Amino acid sequence: MKVVYQRCAGIDVHKKTVVVCIDVPGNREVRTFATTTRPLLELLAWLEKQKIEIVAMESTGVYWKPVWNILEGSECQLMLVNAQHIKQVPGRKTDVKDAEWITELLRHGLLTASNVPNRDRRELQELVRLRRSLTEERARITNRIQKVLEGANIKLASVVTDITGKTGMSIIRELVRGKANPTQMADLAVGKLVKKKEQLAESLEGSMNEHQRFMLKVLTDGMQTMDVQISQIDSEVEQRMRPFESSIQLLDAVPGIGRQGAEDILAVIGTDMTKYPTANHLSSWLKVCPGNSQSAGKKVRSKHQGTPWGKSLMVQLAWPAVRKRGSYFEALFKRLKARRGAKRAIVAVAHAMVVTIYHMLSKGTPYEDLGADHHDKLNKEKLIKRLSHRLGRLGYDVALTPTAA
């Protein structure tokens, strides 16, 4: 088998140790290092002394990150590999053999590198993911507050759409104090809720105990702390995103995305589309397309390499996109929902959004909606014939007369 790399190394990564196998002309050696900073610096010095060209390591949880951070500044090329792609032969598995197996595959060019962004984008991804986790936790706290209110026979959510809005939080704070009556709390309504004071006062007639007030206080304090944290992350992300303002403005014009959605997308995929040969490669990496695995003429469920955040992010952005009246995404969703169901249809819309984003970022062109009648225009004559036949089966004679444009 052809040798691609003459001086290479494979690393089997664990929580406390890494096993490193180097392969240079006339010598193969295996050493074990701890994963603290000083032993990893010794590992770096050893690799540089051996003049290693390329290093491959498996992506084990988050344990590969400390090793990658130390080796990233060196002259040798780094390659992160999906652990599922380099499984050892059953019955012959040890840490040393794993490292030797990675080195052997790397030496002959049989490994495919994972998409690892640079340090700045990795830091941006961590900030964006933290913001998303905090936002999800805030939503869970909102649900817990709703449960406490329901347990006290207070039907605030039946009148107020968002109980964490200005009116809702003002009422909840009064409930925590335990001093205001329903009529007084209803007077705190602002905006459109002013017209619903009577309904609001009726919904606030309940029986709240001391332990429920205590739980409301704990939950609302936690929510306020979380709001401050999310606001701080927003400021930090906005500062780091300033160099990509033009790309954010491009994506902001796409239905359903918005500024925060654009920040999340750019943190995940970046702005350089040359890393993805086609839009289909980007869709596959974001996991918004089916896997390609077939055996004996049957398609089987498969796992393909990609980011674990891609599909959930794009599906979350696709739901508001399909609510825009007269848009292409709305028409696509309705077209597929009728025969494939809403869940499959929304993934198809997410895939269409990824393709749109790819071409916008690669060419720098603004968004142009294809329109709700895009599919009708693709084969107009076929559509006219099908609808005419359908009316004929219902017992009508159809005479088509073209109208003026």
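Rule-based calculations on the coordinates, nothing more; no lab input. If you're wondering where the values come from, they're calculated on a predicted model, not measured in any experiment. Note that we place each Cβ from the backbone using ideal geometry, even for glycine, and neighbour counts take in every protein chain shown.
Set against the labelled values (1) 187; (2) 161; (3) 269, volume of the Cα convex hull per residue in Å³ computed from this structure falls on (3).
What residue among V194, V24, V128 shows peak mean-square fluctuation when the chain is described by a Gaussian network model with Cα springs under 10 Å? Sorting by GNM fluctuation, first place goes to V194.
Starting with the fewest neighbours, write out F33, F333 ranked by other beta-carbon atoms found within 10 Å of each beta-carbon.
Working: F33 19, F333 22.
So the residues, fewest neighbours to most, are F33, F333.
Neighbouring Cβ atoms within 10 Å as the yardstick, rank I145, I54 fewest first.
In increasing order of surrounding Cβ atoms, one gets I54, I145.
Per-residue Karplus couplings for the stretch 250-260, computed as 6.51 cos²θ - 1.76 cosθ + 1.60 with θ equal to phi - 60°, are listed in order as 4, 6, 4, 7, 6, x, x, 8, x, 5, 5 Hz, Gly and Pro entered as x. Largest GNM mean-square fluctuation across S235, S388, S327, computed for the chain with C-alpha springs under 10 Å, falls on S388. Which of the listed residues, L216, L286, I384, is farthest toward the dipole's positive end in the chain, when Lys, Arg count +1 and Asp, Glu count -1 at the beta-carbon? Working it through, the farthest residue towards the positive pole turns out to be I384.
To the nearest ten degrees, helix 119-151 and the longest principal axis of the Cα atoms of the chain are 40 degrees apart.
In a reduced charge model with +1 at each Lys and Arg Cβ and -1 at each Asp and Glu Cβ, the stretch 13-127 shows a dipole moment near 320 debye about its Cα centre. As a calculated quantity, the FRET efficiency between L134 and K166 at R0 = 22 Å, using C-beta atoms, amounts to about 0.55. Helix 166-177 and the long axis of the chain differ in direction by around 90°, with both axes built from C-alpha atoms. From most to least packed by mean Cβ count within 10 Å, the peptides 204-216, 165-177 give 165-177, 204-216. Taking amide H atoms as placed 1.01 Å from N in the peptide plane, the amide H of L78 lies under 5 Å from those of V55, each 5 or more residues away in sequence or on another chain. For the chain, the longest principal axis of the alpha carbon atoms and the long axis of helix 37-49 meet at an angle near 50°. Amide H to amide H, with H built 1.01 Å from N, G371 comes under 5 Å of Y328, counting only residues 5 or more places away or on other chains.
By counting other Cβ atoms within 10 Å of each Cβ, how are M57, M223, M314 ranked from fewest to most?
Values: M57 25, M223 19, M314 29.
Result, fewest neighbours first: M223, M57, M314.
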